[in-house]
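Note sheet for the following structure.
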Amino acid sequence: MSELTLFLIRVAFLAILWIFVLSAISVIRSDMFGARVPETARGGAPAPTSRKGNGKPRKPRRGAPTHLLVVEGENSGVRAELADAPLLIGRGSDAAIKLDDDYVSTRHARVAASGDEWFVEDLGSTNGTYVGPVRITQPTTIGLGVQVRVGKTILELRK
Amino acid sequence: MSQTGTLMGFVHRRRRGAELFLLVLALVVGIGAYAAVGLGVEGVVPADLVGYGGWLTALIVAAHVTVRLVAPYADPVLLPLVAALNGLGLAILRRLDLTYEANGFDQHTFARQQLTWMTLGVILFVATLFLLRDHRSLQRLTYTSGLAGIVLLVLPFLPVIGSAKNGAKIWIYVAGFSFQPGEVAKVLLVIAFAGYLVLHRDALALAGRRVLFVDLPRGRDLGPILAMFGISMMILVAQNDLGSSLLFFGLFLVMLYVATERAGWLVVGGLLFTGGALAAYTFVGNVQNRFNFWLHPFEYYEASPGSGQLVEALFGMGWGGLIGRGLGNGFPERVPFAYSDFILSTIGEELGLTAVMAIVLCYGLIVERALRIALISRDGFGKLMAVGLAAIIALQVFVVIGGVTGLIPLTGLTTPFLSYGGSSLVANWVVVALLLRISDQARRPAPRLDPVDDSVADSESTQVVKLR
């Protein structure tokens, strides 16, 4: 193996190494500026069709939850169909699940779908919404049988 | 803290194609280095290049497919950077093995063992991503992981399985395998610190008295975490493991500072560090030696214990110059620990400053990505955990590369992903899996929920639940 060949191999390898590093940097760069701006952030209301699409009663898949049930508290047994999502939970008269619980805010929390997943979102309630033992600060995924606590009431997604 | 992702006004794309492209380049780096080693040392392309390259490719493809399946929104740059560093490290170890074999050293299968460890690391990487679908579930394990971390740190003291090597009592031997439990413990302690601090950050930052420009938190807020930290520091000092103590101290300080946003912690930490370093300098002979070797390396070249290793590494890097001597044309066997702590000196000697800069840049990018994950993460626990994991990698790289190049006194730590060392490699693959899991959560677009009109007044007053 001649000296020159080895030199060329060395230079070629260093070049590959730097091509890799620079490509990584260029991916990072495009990742910073190349992201799409979502419709909601561009200002103006999102198209009503997309909103309809979100709340449209979907064909329930096997094993997918169909209703929200109050399992514990004053209104135990009250249910709301998920087909009417998004569902508002609270003491107010416009709530889909109206609770007579003094520890629940008028507009306490909301259950809505995104894709195939169901989310619960706290609407700035006084006492907070808990998924399991954790007080939620952002929309949180809930599955079948996960206990959502608002005030003294516990709700669950059921089939 | 909430909804930062949407406030920034854009959603992240998945970028899995970009990741694949970078992974191909990373494989070219790893396998190319392996081929160059064979050409440089033996003059022929290594016979097992196809088998080796196929194995490496299979591992990387497995990791990539896993990310596609269970973390589609994860950061696209992290995995390729790690793959490139790991592949390069394997090739350098292979190069050292060939030299060790020619010189009749006992151990000359570092590369093969490292490849086995990398396989285990990738398996754990895949398992972590599959089993841990939401990093927030780790928050429930705050105290469990703190306890587990401390138990792991204590393991080397146990009579049968514990063992000392090179003066540090940090190894355990189980069924013929040696393992450094401290490497896993550092990940567990990050989880424990993050889980504790995210619940108590407000209390730590706001409650308490002000003493000499520093807001001191209440004892009951600081107590548990200080106990966790104190116990682990005591164990590390008893183990005579300087590098790890430095790492844990820095990690603790960074997380406390990030969680509370109080610069006072840095002052307190700096004072504690200065005090600790002075005490160690005065009372521990080993530390005094390290300082002397650092300040006057050439005076202790011949001494024993001396700075021979450091000086040889400096000679090597100096001889390597800008583009190095070429793989196979250096004398890395002159540095006793060229396969672990001093692997960077081998790279500096044979591939030169150009490659060393590329490697330092790779580490910089890993830390940058980790900190960016922390910035865009939507929950506090994920933020703190990402910062902690970034701090681990950053501190480790700084301590090792600083030590090898003579910038700071030398302390033993492994260079992440490059050095030979199974426990460290496996733990670091898990670190990457955790970072990818957090970034998948952070970059995933927030669920589209319709805005609520607040026209209906909150007329009836709501009673407040007494919290604790």
Just give me the residues in the stretch B:399-429 being aromatic (F, W, Y) and either open to solvent by less than 10 Å² (accessible area, probe 1.4 Å) or more than 21 Å from B:P80 (Cα to Cα) (or both), in sequence order. B:F417, B:W429
Among the residues in the stretch B:85-101, are any assigned to a helix (DSSP H, G or I), within 14 Å of chain A (Cβ to nearest Cβ), small (G, A, S) and free of Cβ contacts under 8 Å to residues at least 24 places away in the same chain? no
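Take B:D75 and tell me if it is among the acidic types (D, E) and over 30 Å from B:E368 (Cα atoms).
Criteria not met by B:D75.
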Any idea how many residues of the stretch A:130-140 are facing chain B (nearest Cβ under 8 Å) and either open to solvent by less than 60 Å² (accessible area, probe 1.4 Å) or not in a loop (DSSP other than H, G, I, E, B) (or both)? 3
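Being over 21 Å from the mean Cα position of the chain (by Cα) and either at positive phi or surrounded by fewer than 14 Cβ atoms within 10 Å (Cβ to Cβ) (or both): is that true of B:G43 here?
yes
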Being among the hydroxyl-bearing types (S, T, Y) and part of a helix (DSSP H, G or I) is the filter here, so list the residues in the stretch B:370-424 that pass it. B:S423, B:S424
In the stretch B:430-441, which residues are surrounded by fewer than 24 Cβ atoms within 10 Å (Cβ to Cβ) and farther than 11 Å from B:L129 by Cα? B:Q441
Within the stretch B:15-54, how many residues turn out to be at the interface with another protein chain (Cβ under 9 Å from one of its Cβ atoms) and in a helix (DSSP H, G or I)? 14
When the residues of the stretch B:185-214 are narrowed to those that are over 11 Å from B:Y143 (Cα atoms) and small (G, A, S), which ends up modelled with the highest pLDDT? B:A185
Tell me the residue from B:R140, B:R133 that is surrounded by fewer than 20 Cβ atoms within 10 Å (Cβ to Cβ), within 12 Å of chain A (Cβ to nearest Cβ) and in a loop (DSSP other than H, G, I, E, B), please. B:R133
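Residues are listed down the side, and each one gets a yes or a no for (1) at pLDDT 85 or above; (2) open to solvent by 40 Å² or more (accessible area, probe 1.4 Å); (3) not charged (D, E, K, R):
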residue	(1), (2), (3)
B:Q239	no, no, yes
B:L242	no, yes, yes
B:G250	yes, no, yes
B:V254	yes, yes, yes
B:T274	yes, yes, yes
Does A:A64 meet the test of being modelled with pLDDT under 85, at the interface with chain B (Cβ under 7 Å from one of its Cβ atoms), surrounded by fewer than 20 Cβ atoms within 10 Å (Cβ to Cβ) and under 23 Å from the mean Cα position of the chain (by Cα)? no
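Hey, does the stretch B:63-81 have a residue that's in a helix (DSSP H, G or I), over 21 Å from B:G348 (Cβ atoms), open to solvent by less than 20 Å² (accessible area, probe 1.4 Å) and within 10 Å of another protein chain (Cβ to nearest Cβ)?
Looking through the stretch B:63-81, at least one residue is in a helix (DSSP H, G or I), over 21 Å from B:G348 (Cβ atoms), open to solvent by less than 20 Å² (accessible area, probe 1.4 Å) and within 10 Å of another protein chain (Cβ to nearest Cβ).
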Pull up the stretch A:106-128, narrow it to residues that are at the interface with another protein chain (Cβ under 7 Å from one of its Cβ atoms) and hydrophobic (A, V, I, L, M, F, W, C), then point me to the one that is most open to solvent (accessible area, probe 1.4 Å). A:L123
I'm told B:G330 meets every condition in (1) under 25 Å from B:N86 (Cα atoms); (2) among the small types (G, A, S); (3) touching a residue at least 60 places away in the same chain (Cβ under 8 Å) except one. Can you identify the failing condition by its number? (3)
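Yes or no, residue by residue, for (1) within 14 Å of the chain's Cα centre (by Cα); (2) at pLDDT 90 or above:
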| site | (1), (2) |
| --- | --- |
| B:A386 | yes, yes |
| B:A391 | yes, yes |
| B:L407 | no, yes |
| B:T411 | no, no |
| B:G421 | yes, no |
| B:R437 | no, yes |
| B:D440 | no, yes |
| B:L449 | no, no |
| B:Q463 | no, no |
The conditions are (1) within 20 Å of the chain's Cα centre (by Cα); (2) open to solvent by less than 10 Å² (accessible area, probe 1.4 Å); (3) over 15 Å from B:D97 (Cβ atoms), and B:A338 fails exactly one of them. Which is it? (3)
Working only within the stretch B:350-362, note down all residues that are in a helix (DSSP H, G or I) and either crowded, with 23+ Cβ neighbours inside 10 Å or within 8 Å of chain A (Cβ to nearest Cβ) (or both). B:E350, B:G352, B:T354, B:A355, B:A358, B:I359, B:L361, B:C362
Could you check the stretch A:85-105 and list, in sequence order, the residues that are aliphatic (A, V, I, L, M), in contact (Cβ under 8 Å) with a residue 40 or more places away in the chain and within 8 Å of chain B (Cβ to nearest Cβ)? A:V104
Inter-residue pairs, beta-carbon under 7 Å, first farther than 10 Å from A:S23 by Cα and in the stretch B:14-30, second in a helix (DSSP H, G or I) and open to solvent by 60 Å² or more (accessible area, probe 1.4 Å), 6+ apart: B:R16/B:R68
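Kindly establish whether B:I347 is within 11 Å of chain A (Cβ to nearest Cβ), surrounded by 24 or more Cβ atoms within 10 Å (Cβ to Cβ) and either closer than 13 Å to B:I401 by Cα or touching a residue at least 40 places away in the same chain (Cβ under 8 Å) (or both). Show your work before the answer.
On the way: within 11 Å of chain A (Cβ to nearest Cβ): yes; surrounded by 24 or more Cβ atoms within 10 Å (Cβ to Cβ): yes; either closer than 13 Å to B:I401 by Cα or touching a residue at least 40 places away in the same chain (Cβ under 8 Å) (or both): yes.
In short, yes.
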If B:S178 meets every condition in (1) modelled with pLDDT of 75 or more; (2) in a helix (DSSP H, G or I) apart from one, which number is that one? (2)
The stretch B:82-118 - residue that is open to solvent by 30 Å² or more (accessible area, probe 1.4 Å) and among the charged types (D, E, K, R) and, of those, nearest to B:L59 (Cα to Cα): B:R112
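The values are calculated or read from the model by the stated rules, or taken from the named source; none is laboratory data. Quantities reported herein were computed from a predicted structural model and do not represent experimental measurements. Heads up, the Cβs are rebuilt from the backbone with ideal geometry, glycines too, and the neighbour counts pull from every protein chain shown. SASA here: full protein model, heavy atoms, side chains in, ligands and nucleic acids out. Shrake-Rupley method; radii C 1.70, N 1.55, O 1.52, S 1.80 Å.
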